[in-house]
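This report concerns only the one structure given below.
The values are calculated or read from the model by the stated rules, or taken from the named source; none is laboratory data. Remember, predicted model here, so these are calculated numbers, not experimental data. A quick note on method: Cβ atoms are made from the backbone with ideal geometry, for glycine too, and the neighbour counts reach across all protein chains shown. Ligands, DNA and RNA are stripped out before the accessible areas are found, and what is left, the full protein with its side chains, is counted by its heavy atoms. Shrake-Rupley method; radii C 1.70, N 1.55, O 1.52, S 1.80 Å.
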Amino acid sequence: MSDLEARVNDLESRQAFQDDTIQALNITIVKQQQLIDLLERKVQLLIKGHNELLEQWREIEDNIPPPHY
């Protein structure tokens, strides 16, 4: 095998490895983005629930007479 053939084989091998690595990284990024989207939705639901509870508490608190009555 000539030196040129060896270099071409080496480059083809590296390219195949890089293609596999890029594909694996792409899959990882897609999964991470899906998880981030899910977590953002959950945080928004938590914020909404917290605000609703806070409003309910304020309504209750407004109807409680002060302790000196």
query: Accessible area per residue of the chain at 1.4 Å probe, in Å²?
result: 99
field: Assigned charges on the beta-carbon of Lys, Arg, Asp, Glu; the chain dipole about Cα centre (debye)
entry: 160
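Can you give the translational diffusion coefficient of the chain in µm²/s, computed by Stokes-Einstein from the Kirkwood radius over Cα pairs at 37 °C and 0.692 mPa s?
185
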query: So if R0 is 30 Å, what FRET efficiency would Asn51 and Leu25 give, r being the distance between their Cβ atoms, rounded to the nearest 0.05?
result: 0.20
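Ignoring ligands, DNA and RNA, what percent of the 1.4 Å accessible area of region 11-69 is carbon and sulfur?
Values: 3520 of 5870 Å².
Carbon-and-sulfur percentage of accessible area, whole number: 60.
Could you please report the charge total around Leu35, scoring K, R as +1 and D, E as -1 over all other residues with beta-carbon less than 12 angstrom from its beta-carbon?
Numbers: positive: Lys31, Arg41, Lys42; negative: Asp37, Glu40.
Result for the neighbourhood of Leu35: +1.
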field: Rounded to 10°, Cα long-axis angle of helix 3-63 versus longest principal axis of the chain
entry: 0
message: Charges on Cβ only, +1 for Lys and Arg, -1 for Asp and Glu, centred on the Cα centroid of the chain; of Ile36, Leu54, Ser2, which one is farthest towards the dipole's positive end?
response: Leu54
